[in-house]
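Where a number appears in this text, it was derived from the coordinates with a stated rule and is not lab data. Not measured: the values here are computed from a predicted model. Methodologically, a virtual Cβ is constructed for each residue, glycine included, from the backbone with ideal geometry; neighbour enumeration extends over all protein chains shown.
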Amino acid sequence: MSRHVKWLLAAAAAATLAVPLVAHAAEFKTFTDKRTITISERMKNLFVAGNGVRIEAPIAGDLFAAGSNVSVASAVEHDAFVAGQNVTIDSTVGANLFAAGQTLIVRQAVGSDAFLAGSDVTLDNAATVSGDLQIAGMNLSINAPVGGWLRATGQTITLDSTVGGDAIIDGTPVLGDSASINGNLTYYADRDATIDQSKVKGTITRKPVSQSPSANKREHVARPLAIIVGMLATLLFGWALYSFYPKQAESTTDTAEKKIGVSMLTGLVSLIVLPIVAVLLFVSLYGAPFGFLLLVLYVAAMVLAAFLSPWLLGRLLKRWLMKDAEVNRVAIYVAGIIVLWAITWVPVVGWLTRGLIWLWAFGAILYAARPMKSAV
């Protein structure tokens, strides 16, 4: 069995592991550097991933950070995307903050909107959110003033600060002594909460849990968590496969870049033909084991293509925009993940483009895994 085929089988294992990772945001692991990565020089835009990440210098643009323990201790002038097991934001974020973690603490000002998700999420009283706040988790403590509206989903939700607009809460809210809602309060619970009317300038409305957005599968609060965790899962498992099988990854990448047309044609034909061949093998007398193996490799290649697609896109963008400049491989991969996610939001054309990139990766994997004399 060639090492390329073993690589395909490893993708099947990655797909199995990805399910609990996405389902339980607390189970973050990293396959990059086991040491803590400390950023001590000012940068324009930063993509960083490691077991421990600490930002100690200003970021003039956007920050993308992932790791087991992530600490942002210096200002980010634009957007910040942060995910990890333990996340602390100890400095200002100039624009939007997207953060997810098992334990998430925000202690400084957010210049625009904040999208927070985790098990235990705390907005410290030293922090502020100038725009809107969307927050989801098990235990939520909102002690910082919110300039816009608030939308929260959690098991325990404590509000002890000012909300400039309406508050929509999926759960039973607890309003502290400093709580004040300048708009309306709508909460979804099966029992009335004890709420001081003087703390809400608008109306207070309780609706049954069955009518909550989450019950109707329209939960917008959880969307940032799905985005961040999905991107993080792609980064970690994709980079793990690259670390375990670097030669096969490079070989497949070279195939994809040198034979774009052949790779896409191989992907299109294989996508249609391989399932038919597998079914024909299943109905034959002795072909069932081979049919099963073919299906396993087929599914594994499909999964692996999802991890390879952002890597190919990142390499393509690097070649177009930065040419021969030296760029960290993790940064290339993260850039590919973000751009691939971003184009999905473009109606029709976005999904078509993403599908073609996936087909390119799928075909390159199968073409590189074809039997060769040099295969071991």
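Here are some notes:
- Across the range 65-76, rounded Karplus estimates of 3J(HN,Hα) from the backbone phi angles (6.51 cos²θ - 1.76 cosθ + 1.60, θ = phi - 60°) give 10, 9, x, 5, 10, 10, 10, 9, 10, 9, 5, 10 Hz, Gly and Pro being marked x.
- Environment charge of Thr266, counting only residues whose C-beta is closer than 14 Å and scoring Lys/Arg +1, Asp/Glu -1: +3
- Flagged links, alpha-carbon separation over 23 Å, of Lys259/Lys318; Lys258/Lys318; Lys44/Lys258: Lys44/Lys258
- Fewest-first sequence of Phe64, Phe282 by Cβ atoms within 10 Å of each Cβ: Phe282, Phe64
- Burial ordering of Trp311, Trp351, Trp149, fewest other beta-carbon atoms within 10 Å first: Trp351, Trp149, Trp311
- Translational diffusion coefficient (Stokes-Einstein; Kirkwood radius from C-alpha pairs) of the range 110-211 at 4 °C, 1.567 mPa s, in µm²/s: 99 µm²/s
- Taking GluC sites (Glu not before Pro) across the range 37-97, the ones in a DSSP loop with at most 11 further Cβ atoms lying within 10 angstrom of their Cβ are Glu41.
- Radius of gyration and maximum dimension Dmax of the range 267-347, Cα, Å: 18.2, 57
- Per-residue HN-Hα couplings for the range 53-63 [Karplus 6.51, -1.76, 1.60; θ = phi - 60°; Hz; x = Gly/Pro]: 10, 10, 9, 10, 10, x, 10, 6, x, 9, 10
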